Structure formats: structure tokens, C-alpha cells
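As C-alpha cells, the structure follows; a few thoughts come after it.
The values are calculated or read from the model by the stated rules, or taken from the named source; none is laboratory data. Note that this is a predicted model, so its numbers are computed, not measured. Neighbour counts are summed over all protein chains in view; Cβ atoms, including those assigned to glycine, are modelled from backbone coordinates with ideal geometry. Only protein heavy atoms, including side chains, enter the accessible area calculation; ligands, DNA and RNA are left aside. Shrake-Rupley method; radii C 1.70, N 1.55, O 1.52, S 1.80 Å.
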Amino acid sequence: MENIEVFTSEGKGRGLKSVREVWAGDVIFAEPAYAAVVFDNLTHTVCHSCFKRQEKLQRCGQCKFAHYCDRTCQKDSWVNHKHECAAIKKLCKTPNENIRLAARIMWRIEREGSGLTEGCLVSVDDLQNHLEDFETEEKNGLMDDVQSFLDYWPSTSKQFGMQYVSHIFGLISCNGFTLSDQRGLQAVGVGIFPNLCLVNHNCWPNCTVIFNNGKIELRALGKINKGEELSVSYVDFLNLSEERKKQLKKQYYFDCTCEYCTKGTKDDLLLGVIDGEDKPTEDVVKEVIQYSKNTLEKIDKARAEGSYHQVVKLCRECLKRQEPVLADSNIYMLQILSINSEVLSYLQMFEEAAENAKKMVDGYLKIYHPNNAQLGMAIMRAGVTHWHAGLIEVGHGMICKAFAILLITHGPSHPITKDLEAMRGQTEMELRMFRENEYVYYKMREAALSNKPFQVMEEPANEAPPAIFNKKP
């Protein structure tokens, strides 16, 4: 950890700062999990060692619970799984992810002690648990987990007091980091990364966190000077400052005092309306926003039922009401455009999907940091949608822009960046063909699509993109 050091400040407490100058895309540190587990609902489809999604996994022959890519992953995981394996066999059932993670943490403490371990700047004992801030419902849930943990924890292992067990569950609640699959598109597990826990929040951060090849990487989004504090965003910036502050207070127990919250920076864009001679009245704006909120509730219900044509109908009606009133950066229009472009792509209605995706990206570019990972992913999806629609010039341009962003946020070795590089090469070749002879290009494209089309988006899901920390709202 030669690139960082811990500091203490009034108000924020501990944090991390850079001890050297770094540039966009630099990996400031990479950290393996202190302990990590797969989510309860994905234990049969995600490797319990490397956290990759696989179609066929090998099952542990003893507990029948843990699944692995192959013998290599199983062998690598044995030091963390052997006590878990015996405990699951004895209990004859599998506890939830929080209990499994707490047990893995305490088995490691049993092996190595609770002090500083190699490569860690802070010990598990010193991580924040915020137990004093828990509301009644949270405290009740924690005590239920503690009781279930005591039933699961073997009598042959080191025994810990109730207060210490509660501390472990508290720190999991406040510091659990979401692990994503190999392409970074689905949340698949939760882990504890002590050094990451020291990085404070900023709504406009100078770093991002990516799970890559079994480790988290803290990557710089731009130039960071020597001695400057390192920060990440715990929540998506695509929300009003007051809403972000409420979310941070509820989930992480602190008041955000970053410049973007105190000044309400970009709130005017997120609430933007059409300007000029046709600027709508306040009453009209309120009416359209309320209509948008009501529509989003109907959309959630239709998506849950798999009624995707109904989702498209609702989105079209809402956009018709929004377009004469709201600016393209308005948060309610962006939400509708995002949903509609995703669902239209799934239904293979690519021209309309591309039109929606282009408007959405134009709005995102006004709001997000230019090197934001979610911006890069959104531009990538929009580029692929344009390719499907036969709009090769715009599609290639978007894929190139997305690749430039993901090189910084994910790095060249990340699977999604490699996928995007292959897409960029393919669309560049197709663009040359298109410019030489459009007729021949479309004939060759038609023939190619009949054999092996670009992968169509998976079925739309209500699940949001993986957040950095695993704290439940």
C-alpha cells in the first residue's frame, strides 16, 4: 500500500490520501477480500471462489452447497470453506449470506487474530459498525442474525462474546461491498475489504471501485495530486442532492457536506424544463412530474409481470407528455428513456430503442462526471443498440467513446472492456465497408445477421446496476 496513507480529520474521521501524483485510469490499490460469500439466490450459478457466473458448476461433494468452476477454484477456496462445509453439514441447512459472511470473518480471525493482517491498513476490530445508529427494526434483524449465527457456529471453534458478534454483523451492514460477475453487470455476492472501508464518500468523487479478477481496484478518474483525499461515491449521482443526502443518512448514517450537495450543483439540470418562449408554467411542470411518478409505478408493476409491450405503451405515453415540458436532462425523462430503450431493445424494436438511447445519453453527458462508469456502460449499450438498428456511424462513435471511458474506470484487463474492444474492432471494419459501398454493406450485414447476430440484451430486470456498498435501502 505504498500509494496511500491513512489520515484523520475533524468531522469525517479517518480517510485515505494519495502519497503521490496519480492520473486517470491509474490503479491506486488493488485489494483481495478479507472474506466474501455468494448471495443466497445465486449459490448454484456463481462460483464460490472466483465469483464468476457459469452455466455448469461443480458441487462440493460433502456439504452439497458450495459450487465451483473447477478443481482449481475448489482448492483455492478450501481454506475458507472447510469450516463452513462442516458447519453446514452439521446444521443440515444453509444460513443466510450475512451469517455465512460473519462466520468466514470470524474463522479468519480465529486463524490469524483480529489485528492488522498483511496488506491491511485497518483491522476488523477498528471498522465502524454504527450499532448505536440502528433503528428498532434494524436492531431486531441484527439480533435474529446473531441468534441464528450462534446456532450455526461450531462449539469446537473459538467462542466470541455477543458484543463482538454484534460488532461483526454491524460492520457487515455498513461496510459490505457488492461483488459483481465477471462482466460487472450483476451483483453476485458481498465481501469485506478493510482498506476500501477507509475511503470516504463524495457525490463527485475522484476515484471509482471495480471488482476485477477476484480483487477490488480503486482507480483514479482524473489527476489526483499528492496529499489529496481519495473519495468514491456510495450512491448514484443521478438523483437530486436532497434525495442523495437522505439516502446517505438513512443507509450510511452521515450528513453529506460535499460541494455538490451543499450547493445543489446540477439540481437545475436534473429538474430542467424547456426554456424560451414556450417555457411551461410551474403548474404544468408539477402536473407532468406527478404524471411521470405515477407512470413509473405502473411501469414497475408491468415489468414485474413481464408485460413488456405494456411497458413500451406506458413509456410512449409518458414521453409524449414530457417532451413539450421537460428538458432532456430532467431526471424523470431520463428514467423513462432508460427503461424504454432497454425494453425496446429486448423486443428487437431497435430503431425506436436507438432514438431513446441517444436522447438518454445526451442527458447523461450533461449530468455525470465524464469518466463515470455508469455513463460508460450506458453509452456502450446505446452504441450496441444503434448497431442493431443499422446506424453504424453513430453506433461506432458511441462504442469508441464508451471504450475510452471504460479504459479508465475498468481498465484494459476487465472482461467488459475486452468485450467492448472486440465490438470496436468489428464496428470499425463495418464502418469502412459502409463508406466504400452502402449497398454491399447492408447485403453482407443481412447475411451475417441470419447466421450470428450481435447478442441481444438479456431480459430486462428491475434490479438496479450494482452499487458499491451492499447496504440495503
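Summary table below
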item	result
Residues within segment 364-394 that are farther than 26 Å from ASP236 by Cα and outside any helix (DSSP H, G or I), tallied	3
Filter result (polar (S, T, N, Q), open to solvent by 40 Å² or more (accessible area, probe 1.4 Å) and in contact (Cβ under 8 Å) with a residue 24 or more places away in the chain) within segment 237-264	ASN239, GLN247, THR257
Residue check for LEU150: hydrophobic (A, V, I, L, M, F, W, C) and open to solvent by 20 Å² or more (accessible area, probe 1.4 Å)	yes
Failed item in (1) touching a residue at least 40 places away in the same chain (Cβ under 8 Å); (2) in a loop (DSSP other than H, G, I, E, B); (3) closer than 20 Å to TYR164 by Cα, with THR94 passing the rest	(3)
Segment 272-308, subset touching a residue at least 12 places away in the same chain (Cβ under 8 Å) and open to solvent by 80 Å² or more (accessible area, probe 1.4 Å), residue nearest to the chain's Cα centre (by Cα)	ASP300
Test: GLY214 is farther than 30 Å from ARG100 by Cα, open to solvent by 20 Å² or more (accessible area, probe 1.4 Å) and not aliphatic (A, V, I, L, M)	no
Residues within segment 37-62 that are under 27 Å from SER231 (Cβ atoms) and either of a type in the set (D, E, K, R) or open to solvent by less than 10 Å² (accessible area, probe 1.4 Å) (or both), tallied	0
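Residue-by-condition table, conditions (1) part of a loop (DSSP other than H, G, I, E, B); (2) within 30 Å of THR417 (Cβ to Cβ):
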| position | (1), (2) |
| --- | --- |
| VAL146 | no, no |
| PHE149 | no, no |
| LYS158 | yes, no |
| SER166 | no, no |
| THR178 | no, yes |
| LEU185 | yes, yes |
| GLY189 | no, yes |
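A quick yes/no check of all residues on (1) among the hydroxyl-bearing types (Ser, Thr, Tyr); (2) assigned to a helix (DSSP H, G or I); (3) without any contact (Cβ under 8 Å) to a residue 40 or more places away in the chain:
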| site | (1), (2), (3) |
| --- | --- |
| VAL312 | no, yes, yes |
| CYS318 | no, yes, yes |
| ARG321 | no, yes, yes |
| GLN335 | no, yes, no |
| SER341 | yes, yes, no |
